[in-house]
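The block underneath contains the structure these notes are about, expressed in structure tokens.
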Amino acid sequence: MNSRHNIVIIGGGTAGITVAARLKKARKSLDIAIIEPSDTHYYQPLWTLVGGGINTIADTVRPMADFIPAGVTWIQDRASAIDADRSAVTLGSGRTITYDYLVVAPGIQINWHLIDGLAETIGRNGVCSNYGADKAPYTWEVLQGLKKGRAIFTQPATPIKCGGAPQKIMYLAADYLRKHGHLDNVDIQFMSPGTVVFGVPEFQETLYKVIERYGITFNLQHELVAVKGDEKVAVIRVTDPEGKQTTKEFSFDMLHVVPPQSAPDFIRESTLVNPEGWVDVQKHTFQHNRYPTVFSLGDVSSTPNAKTGAAVRKQAPILVANLLEHMDKGTVGAGESYNGYSSCPLVTGYNSLVLAEFDYDNRPDPSFPFDTTKERWSMMMMKRFLLPVLYWKGMLRGRA
Ligand code: FAD
């Protein structure tokens with residue numbers, strides 16, 4: 001059956017649920033619907049710790065039904081197309097949902113198929129990834145079996161969710177090897193297509209020391225393009241300082257892959273996107289640049305912040321204020337403006353973490369009064385024990 005709602009939210013992930021909870025809190029009378037196909041909701045930041053054997057996947061999952069705010073309609077289906085000129089969303093089932101306002105938050109798409117041979121070998125042959133609930137446990141399995149040889153960790157050239165995650169699992173793995181006396185027997189290599197270790201110089205300085213401590217080889221302008229799973233060989237495209245490209249093969253015993261990522265296909269095929277394929281919104285208010293009744297936040301939006309749940313926590317209240325202002329007065333921007341805040345809790349070992357918080361200009365934007373560029377035990381404890389509670393009980397309930 002087709003239906004119409006005041007506000008339709010695509011995606012019941014971090015961003016969609018947080019926005020729904022805040023909208024309902026602000027105005028109980030609103031008729032809100034969330035389009036979300038999944039029965040389960042994941043707290044993805046713990047997937048790094050699943051790969052390091054600290055948590056299990058069960059620690060990261062809850063039933064979706066427990067987090068759809070009271071009074072919000074849950075349309076358990078997949079959005080398959082958006083016709084923003086007609087204010088309509090088509091669902092996988094063929095139904096059409098129309099809206100007064102649309103919030104686009106279906107997250108990011110992991111493009112496993114863009115690395116030759118990866119889809120065939122992921123989950124076998126020592127090829128693992130923390131970028132999937134069904135995949136992260138294998139990272140831990142591979143790590144426990146690693147006693148000598150080479151471990152390779154990769155990052156793609158596209159924007160990704162949690163830009164620090166490709167490195168975090170490497171530092172955990174190195175610390176695990178150190179604790180078990182195998183660090184000297186394993187050649188650890190990071191492959192990054194980028195030109196820096198981390199975009200914020202203050203935190204990069206600390207990471208240099210971590211890299212040195214573990215004896216890691218950090219290869220810049222190195223991009224994984226193919227995996228020969230049965231041979232345990234990674235094919236890496238290397239760009240030299242003059243821009244000339246060559247291909248090199250590296251054997252491995254463990255290969256942790258972070259594949260290229262993009263907005264979901266149905267978003268990229270819509271009229272909502274900018275030339276890079278992200279939902280084209282104003283970076284301080286989250287209002288769409290061409291469709292004033294469309295807003296977007298989280299991993300799918302064009303706002304040029306680091307894509308994290310921590311960024312969503314700051315984005316959601318600002319988006320909600322702007323959407324309600326537009327509903328009431330036809331304007332946006334009267335209240336607080338988003339400064340690009342994001343936070344990347346850089347796990348550097350089983351008992352240490354650097355809490356990197358920064359804004360659009362890559363300037364540190366700390367929440368704590370001490371020097372957050374240092375590795376700290378307390379910040380690791382916060383990630384393990386406090387942030388999950390803040391997420392499930394605070395953020396998703398519209399309280400934090
Ligand atoms: P998601 O939370 O991914 O939600 C998207 C939702 O949309 C999903 O529920 C999905 O089912 C739904 N959806 C998809 N397609 C459709 C469709 N067609 N129709 C309807 N619904 C759809 N962030 C941090 O802050 N700190 C960290 O330490 C951290 N570490 C991370 C480590 C890893 C390994 C990973 C993978 C992520 C990490 N993140 C971290 C990132 C964080 O999880 C994301 O940035 C955040 O979840 C983004 O929220 P979102 O709502 O945009 O997307």
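Every number in this text was worked out from the coordinates using simple rules, so none of it is lab data. The structure displayed is predicted, hence computed values, not measured ones. Glycine gets a Cβ as well: all are built from the backbone with ideal geometry, and neighbour counts include every protein chain shown.
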Per-residue Cβ contact counts at 10 Å, fewest first, order Glu375, Glu325, Glu36 as Glu325, Glu375, Glu36
Taking a ≥ b ≥ c as the square roots of the eigenvalues of the Cα gyration tensor, with a/c under 1.5 meaning rounded and otherwise prolate when a/b exceeds b/c and oblate if not, the stretch 242-289 is prolate
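Where both residues lie in the stretch 110-261, what percent of DSSP beta bridges are antiparallel, nearest 5? Numbers along the way, then the final one.
Values: 14 of 30 bridges.
Rounded to the nearest five, the antiparallel share is 45 percent.
Taking a 24 Å limit on the Cα-Cα distance, which of the listed pairs Lys25/Lys307; Lys25/Lys168; Lys148/Lys179; Lys25/Lys135 fall beyond it?
Values: Lys25/Lys307 26 Å; Lys25/Lys168 36 Å; Lys148/Lys179 14 Å; Lys25/Lys135 36 Å.
Beyond 24 Å: Lys25/Lys307; Lys25/Lys168; Lys25/Lys135.
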Output ordering of 3-12, 326-335, 291-300 (per-residue mean of other Cβ within 10 Å, highest first) is 291-300, 3-12, 326-335
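Quick one: Cα convex hull volume of the stretch 248-400, Å³ per residue? Could the numbers behind the result be given before it?
Details: hull volume 27.2 nm³, N = 153.
Taking only Cα atoms, the stretch 248-400 has a hull volume of 178 Å³ per residue.
Sequence gap at least 6, Cα distance under 8 Å: using those rules, report the relative contact order of the stretch 229-308 to the nearest whole percent.
Values: 95 pairs, mean separation 14.1, N = 80.
So the answer I get is 18 percent.
Based on the alpha-carbon set only, what is the convex hull volume of the stretch 220-315 divided per residue, in Å³? Could you put the intermediate results ahead of the total?
Numbers: hull volume 15.3 nm³, N = 96.
Value for the stretch 220-315: 160 Å³ per residue.
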The rounded separation in angstrom of the Cα centers of the stretch 345-391 and the stretch 96-149 is 24 Å
For the chain, longest principal axis from Cα atoms; helix 309-329 axis from its Cα atoms; angle between them, nearest 10 degrees, is 20 degrees
Rounded to the nearest 10, the angle in degrees between the Cα long axis of helix 136-145 and the longest principal axis of the Cα atoms of the chain comes to 10 degrees
For the stretch 110-261 (alpha-carbon point model, no solvent) the Debye-based log₁₀ I(q)/I(0) at q = 0.13, 0.16 Å⁻¹ works out to -0.54, -0.85
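In the chain, what % of DSSP beta bridges are antiparallel (nearest 5)?
Details: 37 of 72 bridges.
For the chain, the DSSP antiparallel bridge percentage is about 50.
When Thr239, Thr40 are ordered from fewest to most other Cβ atoms inside 10 Å of their Cβ, what list results? Don't skip to the end; give the middle numbers.
Details: Thr239 15, Thr40 11.
Ordered by Cβ neighbours within 10 Å, fewest first: Thr40, Thr239.
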Highest GNM mean-square fluctuation among Pro45, Pro156, Pro241, for the chain with Cα springs under 10 Å, belongs to Pro241
With the label point 7 Å along the Cα-to-beta-carbon line of Ile57 and a cut-off under 19 Å to each amide N, the hits in the stretch 142-157 are 142-145
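Quick one: Leu355, Leu91, fewest Cβ neighbours within 10 Å first, how do they rank? Write out the running numbers ahead of the final one.
Working: Leu355 24, Leu91 18.
In order of increasing Cβ crowding within 10 Å: Leu91, Leu355.
For the stretch 169-257, give the share of DSSP beta bridges that are antiparallel, in percent and rounded to the nearest 5; count only bridges with both residues there. Display every interim value, and only then the final one.
On the way: 13 of 17 bridges.
The answer is about 75 percent antiparallel.
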With a 23 Å threshold on alpha-carbon distance, the violating pairs from Lys24/Lys314; Lys161/Lys244; Lys161/Lys209; Lys161/Lys283; Lys161/Lys228 are Lys161/Lys244; Lys161/Lys209; Lys161/Lys228
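Summing -39500 (n - 2.57) over the DSSP H runs of n ≥ 4 in the chain and dividing by its residue number, what mean residue ellipticity at 222 nm do you reach, to the nearest 500 deg cm²/dmol?
Numbers: 9 runs with 91 residues, N = 400.
Helix contribution divided over all residues of the chain: -6500 deg cm²/dmol.
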Across Glu231, Glu357, Glu202, the residue with the highest GNM fluctuation in the chain (Cα network, 10 Å cutoff) is Glu231
The ³J(HN,Hα) series, computed from each phi in the stretch 368-375 with the Karplus coefficients 6.51, -1.76 and 1.60 at θ = phi - 60°, rounded to the nearest Hz and given as x for glycine or proline, is 10, x, 9, 6, 7, 7, 8, 5
Loop-resident chymotrypsin sites (Phe, Trp or Tyr not before Pro) in the stretch 299-379 with no more than 13 other Cβ atoms inside 10 Å, DSSP not H/G/I/E/B, are Phe370
The chain, Gaussian network, Cα under 10 Å: of Lys283, Lys25, Lys179, the residue fluctuating most is Lys179
As straight-line cross-link partners of Lys383, the qualifying aspartates and glutamates (C-alpha separation under 19 Å, not fewer than 8 residues apart within one chain) are Asp59, Asp175, Glu357, Asp365, Asp371, Glu375
All alpha-carbon distances of the chain, grouped into 20 Å bins from 0, give the whole-percent distribution 27, 56, 16, 0
If one compares the long axis through the Cα atoms of helix 14-26 with the longest principal axis of the Cα atoms of the chain, the angle in degrees, nearest 10, works out at 30 degrees
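Cβ neighbours within 10 Å, averaged per peptide: list 242-255, 74-87, 129-142 in order, most packed at the top.
Details: 242-255: 13.8, 74-87: 16.6, 129-142: 20.6.
Listed from highest to lowest mean packing, they are 129-142, 74-87, 242-255.
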One computes Rg over Rh for the stretch 68-125 from alpha-carbon atoms, with the Kirkwood Rh, and obtains 1.16
